[in-house]
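To start, the structure under review is shown below, and the notes come after it.
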Amino acid sequence: MKKKLCVAMLLAGGQGTRLYVLTSKVAKPAVSFGSKYRIIDFTLSNCANSGITTVGVLTQYQPLILNEYIGGGEPWDLDRAYGGVHVLPPYQAKKGGEWYKGTANAIYQNLHFLDMYDSEHVLILSGDHIYKMDYSEMLREHIRTKADCTIAVIDVPREEASRFGIMDFDETHRITSFEEKPPQPKSNHASMGVYVFRKEALIKELILDEKDELSSNDFGKNIIPNMLAKGYNMFAYQFSGYWKDVGTVSSLWEANMDLLNGGLDLSDKGFKIYSRNEALPPCFVGEGGEVINSLVTSGCEIYGTVINSVLSEKVTVAKGAVVDNCVIMRGTIVGENAQLSYAIVDEDVTIGDGAAVGDENSGKDKITLVGRGAEVECGATIEAGSIVDGEVEHE
Amino acid sequence: MNRALGIIFGAVGEKQLGFLTAGRTLASVPFGGRYRLIDFTLSNMSNSGIYNVGVIALNNYQSLLRHVGSGKSWDLSRKNGGLRIFPPRGDSQGNTRWDALKSSMHFLTNNDERYVVLADGDCVCNIDFSAALDFHEESMADITVIYRKKALTGGNEKNKLCFTLDSSGEVVEAIKSEKAIGTQNVGTYMYIMGREFLLSLLNGEEDIRSLERDVICRRTKEFRIFGYEYDGYFASIDSVQNYYHHSMELLDRSKCAQLFDNNGANIYTKVRDSAPCHFATGCAVSNSIIADGCVVKGVVENSILFRGVRIEEGAVVKNSILFQDTYVGEGTLLNCVITDKNAQILENRMLSGHPTNPYVIGKNIII
C-alpha cells in the first residue's frame, strides 16, 4: 500500500464537564450544534476537505452515541478502502489496559495505529472546536520549514489568553516560548490544539513522556514544552478565520448565535460541513408560524414564533409558543403558548403547554439548560440560569 | 434468500410533464422539497426488504443516474443484488411497460427470487410491499394488482384500470378508469407476480404488447388475478396539473405524515449536505415547506421551496413550487409558478399562473 503522507488523530474523549447536563449522556464532540450538525462534524469535515483520509478518533467518555454517529465515516467521505475513519477506544491488551490518562497518553496507547499506516506526519486534533480550516496548507508549511512540530495559532483577546497555551515566535514563525494557561500571558498567540508532528519525533517523545512518572501525559503541559526545551524545530502556523472553543455553556450558545450573524458561513459549496443526515422531510412552517433570523432544518414543524434561534431536526414549536435566543436540539417539542428565552434545550425534551423557561431579559451568561429527555410540566416556570436534569438513569 | 425482485419503470410513454421532463426522465422529477419521484418506490422496496432492484430507464436518464448513484442512499448498494439501471437497448425499444420488461429479461432470468414487484417510478406513496407479498403468497395469485379506493367522476383518473373484485378478492373484471364512475378500486401501477410466471408470459407465443390491456383486462378469467388494497397516501404523477395538485397536498400535514412516516418507514433521498435553512430578519413564511440550504428574506405563502432557494427582500412567493437553487430577486411577485432548477427571476418581476395551469419556468432560465 502507498504510504500516507499524514494521518490525523482526533481527540474526542473529553467529558466536557462545563457543559453540565448536555454531556451527561454523550461525549462533548457528539453534542448537537448549528441546527443539523454535531460538534465533531467540523473537525471531520475539515479533514475531508483537506484531503486527509485516515483519521483515528480517540474516544473514552460516553462513547456510545459518538461511535454510532461516526459509524463507517460515509457522511464525511471517510469510508475508504485503505485508511478512512477508525474509532479508537481504550482497550485491554496482554500487558493489561488502562483508561487514557491524558491527551499524549491517548496517542501513546495507539502507537500501533500510527505504525500501521506509517505516515510521515501526524496531525493531532481535538473534537471540540468549531472552525473551518484547510489542514493541507498547514501541512505544506510544516514540510517546507522542515519542522518537527507545527502548532496552529490564533490571536485571542488578551483578557482570555490565560485560558490557552500561549506562545511567542520570531519573524520566521519559529516558536521561542510556550506556556500552558499562563496566569500572566506574554502574548495573545494562542494554541488551537491543532498540531502537526513529524511522526518519528512524536513517537520518540511520547515514549519518553510515558516513562516520566511525574508527567500528566498532556500535549500542552508536557510534550510541547519538553520538545521546545530540547531544541526541536518548532513553528507556529497562523490561522485567522473563525475559531471557537465550545467548552462552556455560554460559548456553545454564542457559537450557535454566531451562525445567525454571519460569524461563520456554512453555505460555502467549496468547503461543506458534512453531517449524518436522517431521512426526514423538509421543515414546515404552518399558518400563523413566524420564523425570524433563525436556522431551521428537516423535520421541524413551526406553528408558533421563533426568533434568533437555532433549531435541530424534528423540533416542533406549537401554536402560540415563543422561542427566542434559544438553541433547541433534535426531537424536542415545545408546547402551546410556552415561552423559551436564552435557553439551550437538549434532545427529546418536552416543554409542556404554557411553561416558561428562562427570561427574555437574560443574556449569554445566564443561559438556562434543559437536559436530554426532560419533561417540563405544563405551566411550570424554570428560572433563568437554572439547570433541569434529563431522564432518569436505568437502575 | 430474498423473496422478491423489484422492477421500477423509470419512464412510461404516456406520462409527460412538459418542461419538467424536457431534460430528465419522469422518475427523476423533483418532488416535495428534497426528493425525486423515484425516491418513494426505491425507499418502499428497501424498507420492504427488496434489495435486488432494477430500474428500467428510457430516455434522458442522465439525471436519474446522477441521482441514484450506487444506490447507497436507499441502502441498495449491496454485494448481492443492490440497485441496477438498465438503459434502453438502442432505438428499437418502445416506451410501454411491456417493452421495458422485454428489454430486461436477463434480469428476470438470472435471479432466483420467487416473486417480482413491479412499480412505476412516479408512484408517490409509502407502502409495505412485504405485507402485499404475504397476501400474494396466501392467495396463490398469478398476479396481484395493488389498488386504492377512490371516488371517480369520469375523467379525474386517466390511463388507469378499475377492478371489480369478488368476495375472495379475486379480480373478475378490469375496465379503464375513464369509463368508471363512483367509488372504484383504482389501480396504482404496482403489481406482484411470480418471476417464472412473468417469464413465461414474456417468452410465450401470444402477441402481448401491453400488460394492462393484453394480460390483465383480456385474460382476467384465465389467470388468478387478485387485488390488494393500499389505503395510505398515494399520488401518481402524469401531468403538470396533477404534479402541482399533489405537491400542494403535502401542505396538508396529515397527508404529509402518512407519506413520510409509515410506522417508522422513512423516505430516503440523496444527501446534498446543504446548510440549514436560514430565515432572515424581516421574512414572513406561512403554510410552506422549506428545505435546507434556503435563504428566505421575503414573503412565502402556500409554497414549496427546494434546497438552496434564495428569496430576496420584498419578494412575495405564493402558491408556487421552486426547484433547487432558484433565485427570486427583490420585489418580485410569483403566484402559481413552478420553476425548474437554477431558474433566476430577477428583481421586480411579476409572474402568475393558475392552480389549474401553473406557469412553468424551465431549467437555468433567467427572467
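Given R₀ = 45 Å, FRET efficiency for A:Lys146-B:Phe19 by Cβ-Cβ distance, to 0.05? The computed FRET efficiency comes out at 0.15.
Model label points for B:Ser77 and B:Asp261, set 7 angstrom from Cα along the Cα-to-Cβ axis, are 2.8 nm apart. The Cα atoms of segment B:21-161 give a gyration tensor whose axes a ≥ b ≥ c have a/c under 1.5, which makes the shape rounded.
Projected label points at B:Arg84 and B:His106, each 7 Å from Cα along the beta carbon direction, are separated by 0.8 nanometres.
Inter-chain Cβ neighbour count for B:288-299, averaged per residue, equals 4 (cutoff 10 Å, partner chain atoms only).
Axis of helix A:199-211 versus longest Cα principal axis of chain A: the two differ by about 80°, to the nearest ten degrees.
From the alpha carbon centroid of segment A:172-230 to that of segment A:237-276 is 26 Å.
With the highest mean first, a sort of the peptides B:260-267, B:305-312, B:155-162, A:127-134 on other beta-carbon atoms found within 10 angstrom per residue produces B:305-312, A:127-134, B:155-162, B:260-267. In this structure, B:Glu173 and A:Phe271 have a Cβ-Cβ separation that, at R0 = 56 Å, corresponds to a calculated FRET efficiency of about 0.35. Only Cα pairs under 8 Å and at least 6 apart count here; give the relative contact order of chain A as a rounded whole percent. Reported as a whole number, the value is 14 percent. Relative to the longest principal axis of the Cα atoms of chain A, the long axis of helix A:249-258 makes an angle of roughly 80 degrees. Highest average first, the peptides B:328-334, A:155-161, B:37-43 ordered by how many other beta carbon atoms sit within 10 Å of their residues are B:37-43, B:328-334, A:155-161.
Ranked by the mean number of other Cβ atoms within 10 Å of their residues, highest first, the peptides A:251-257, A:343-349, B:268-274 fall in the order A:343-349, A:251-257, B:268-274. Cα extents for segment A:193-266 along the principal axes, largest to smallest and rounded to whole angstrom: 47, 25, 18. Counted over the protein assembly as shown, the DSSP beta bridges are approximately 35% antiparallel. Approximating the spin labels as points 7 Å out from Cα along Cα→Cβ, the B:Asp252-to-A:Lys366 distance works out to 4.9 nm. Taking a point 7 angstrom from the Cα of A:Glu120 along the C-beta vector, which residues in segment A:132-155 have backbone N less than 18 Å away? Residues passing the 18 Å test: A:135-151. Taking every DSSP helix (H) stretch of at least 4 residues in the protein assembly as shown, weighting each as -39,500 (n - 2.57) and dividing the sum by the residue count yields a mean residue ellipticity at 222 nm of -5000 deg cm²/dmol.
For the pair segment A:358-388 / segment B:74-144, the C-alpha centres are spaced 54 Å from each other. Converting phi to 3J(HN,Hα) with the Karplus coefficients 6.51, -1.76 and 1.60 and the offset θ = phi - 60°, segment B:271-282 yields 7, 10, 6, 6, 5, x, 6, 9, 8, 7, 5, x Hz in sequence order, with x at every glycine or proline. Solvent-accessible area per residue in segment B:213-367 equals 38 Å², computed with a 1.4 angstrom probe and all protein chains kept. Counting Cβ atoms of other protein chains within 10 Å of each residue's Cβ and taking the mean over peptide A:292-303 gives 5. Springs join every pair of Cα atoms under 10 Å in this Gaussian network model of chain A, and among A:Lys95, A:Lys364, A:Lys244 the largest mean-square fluctuation is at A:Lys95.
Springs join every pair of Cα atoms under 10 Å in this Gaussian network model of chain A, and among A:Ala152, A:Ala380, A:Ala236 the largest mean-square fluctuation is at A:Ala380. The separation of segment B:206-226 from segment A:107-169, counted between C-alpha centres, amounts to 70 Å. Taking all protein chains in place and a 1.4 Å probe, what share, in percent, of the accessible surface of segment A:264-376 do carbon and sulfur account for? Of the solvent-accessible surface of segment A:264-376, carbon and sulfur hold 40 percent. Probing with 1.4 Å while keeping every protein chain in the model, the per residue accessible area of chain A equals 41 Å².
Take each residue of peptide B:267-273, count the partner chain Cβ atoms within 10 Å of its Cβ, and average: the result is 5. Using a 7 Å offset from Cα along Cα-Cβ at B:Thr153, what residues in segment B:351-367 end up with backbone N under 17 Å from the label point? Taking a point 7 Å out along Cα→Cβ of B:Thr153, the residues of segment B:351-367 whose backbone N falls under 17 Å are B:355-357. For A:Gln238 and B:Glu222, the FRET efficiency from 1/(1 + (r/R0)^6), where r spans their Cβ atoms and R0 equals 51 Å, is about 0.05.
The values are calculated or read from the model by the stated rules, or taken from the named source; none is laboratory data. Worth saying up front: this structure is predicted, and the values here are computed from it rather than measured. Here Cβ is always computed from backbone atoms with ideal geometry, including for glycine, and neighbour counts include all displayed protein chains. What goes into the accessible areas is simple: the full protein's heavy atoms, side chains included, and nothing from ligands, DNA or RNA. Shrake-Rupley method; radii C 1.70, N 1.55, O 1.52, S 1.80 Å.
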